[in-house]
Amino acid sequence: MISETRYARVKAFAKLNLCLEVLHRRPDGYHNLRTIFQTVSLADIIDIEVSASRRTQLHIECEVTIPGENLITLAADKVLAATKARAAIRFRLRKVIPMGAGLGGGSSDAAAVLLALPALLGKSLPVERLFEMGAGLGSDVPFFLHGGTAVGLGRGTELYPLPDIPAWPALIVASGIHVSTADAYRALARTSHPPDPAGASPSERVARALASNTDWTGSATNDFEEAVSRLHPELAAIRRTLTRAGASPAMMTGSGSAMFGVFESKEARDAAARCFPEDQVYPVSLLSRRRYRAIWARSLAGVC
Ligand code: C5P
């Protein structure tokens, strides 16, 4: 049992899908995916305080209501079970990443707890165990244990890190339309999705182009976008505005409804931001794995 109170403030970063293909439905109900995950600088802030206690107590404070089960609590339960630790744990979550938007905020919060809590409890868990626990919490959680750019296969939990790419400026437009992941998959099932063309798939082309520093934007596509835009036609208008403002690509992330555009300069990104209501835009930069790891190392430096 730890003897003193320990504290850490950590950042749980958002992700974009630079490409997302939904393949077939599996016997377990999930779909096989091919995607390119990318962390960005937008982040929730989580304060974690751990104090000695004979009885485990979990307390979470957040100024907004989190719909559904809170992944922070579920992740903490998993860490406590795996480390057999007992402690009083207090989380304060400042939600910055729009929810239900395909930006992975809830998954990133969970991964942040998997990364920080063992250190705060004075324990360590093998990295394979963390990945297993992450996959049990949600399909996007394991990616946030890596950060940077990575190919995601299977449910999205089979990860192949790609070399770091430049910190391009990007603009996220979260219009407030909430798309449940299950609804997005249902909308997709109603589309006549063409079979994969022969040759490399869009995700393979994007991965190769990113790895060889050539143009990747022409192959970037999101299979959810057409189906979700049919339910919410205003999303197509956001895409057009981003494209007109110089974004390449301009597309949806995850199962939506946030749209994003990647820009050549911060000036172009900031000019594009002025085309949308102020409370719907999030100017960000792509966040490399090197930066992601450095920020994590700094957050936990004083702890262990
Ligand atoms: O794993 P996660 O909790 O994020 O998944 C939420 C829902 O999204 C699943 O219950 C499933 O309906 C759908 N999903 C899927 N295939 C994936 C990931 C998610 O069908 N690869």
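Bear in mind these aren't lab numbers, they're just calculated from the coordinates by the rules spelled out. Owing to the predicted nature of the structure, the values given are computational and were not obtained by experimental measurement. FYI the Cβ positions are ideal-geometry reconstructions off the backbone, even for glycines, and counts take in every protein chain you see.
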For the chain, what's the radius of gyration and Dmax over Cα atoms, in angstrom? 19.3, 61
Taking θ = phi - 60°, what integer Hz values does the Karplus form 6.51 cos²θ - 1.76 cosθ + 1.60 yield along the range 209-225, in sequence order, with x for Gly and Pro? 5, 5, 5, 9, 6, 10, 5, 9, 6, x, 9, 5, 8, 10, 4, 6, 4
Relative contact order (percent) for the chain, with alpha-carbon contacts under 8 angstrom and 6 or more residues of separation? 24 percent
To check my understanding: the extent here is largest minus smallest coordinate of the Cα atoms along each principal axis. What are those three numbers for the range 35-123, in Å, largest first? 40, 28, 21
Using a 7 Å offset from the Cα along the Cα-to-Cβ direction at both Thr181 and Lys266, what is the distance between the two label points in nm, to one decimal? 3.4 nm
Report, as a whole number in µm² per second, the diffusion coefficient that Stokes-Einstein gives for the range 108-202 at 25 °C and 0.890 mPa s using the Kirkwood radius over alpha carbon pairs. 149 µm²/s
What is the packing order of peptides 130-142, 222-234, taking the mean over residues of other C-beta atoms within 10 Å and listing the highest first? 130-142, 222-234
Among Leu20, Ala52, Tyr7 the positive-end extreme of the charge dipole of the range 1-101 (Cβ point charges): Ala52
Quick check on the chain: helices-only [θ] at 222 nm, where DSSP H runs of length 4 and up contribute -39,500 (n - 2.57) each and the sum goes over total residues. Nearest 500, please. -10500 deg cm²/dmol
Quick one: Kirkwood hydrodynamic radius for the range 153-304, alpha-carbon pairs, angstrom, one decimal? 17.2 Å
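Explain nothing, just the number: dipole magnitude of the chain about its Cα centre with +1 on each Lys and Arg Cβ and -1 on each Asp and Glu Cβ, in debye rounded to the nearest 20.
700 debye
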Based on the alpha-carbon gyration tensor of the range 16-83 and its eigenvalue square roots a ≥ b ≥ c, which shape applies: rounded if a/c is under 1.5, prolate if not and a/b is larger than b/c, or oblate? prolate
Find the lysine pairs in the chain meeting two conditions, Cα atoms under 21 Å apart and a separation of 8 or more places or different chains, and report how many there are. 7
I need the peptides 212-219, 94-101 ranked by packing, meaning the mean over residues of other C-beta atoms within 10 angstrom, with the highest value on top. 94-101, 212-219
Ranked highest first by average number of other Cβ atoms within 10 Å, how do 199-208, 48-57 line up? 199-208, 48-57
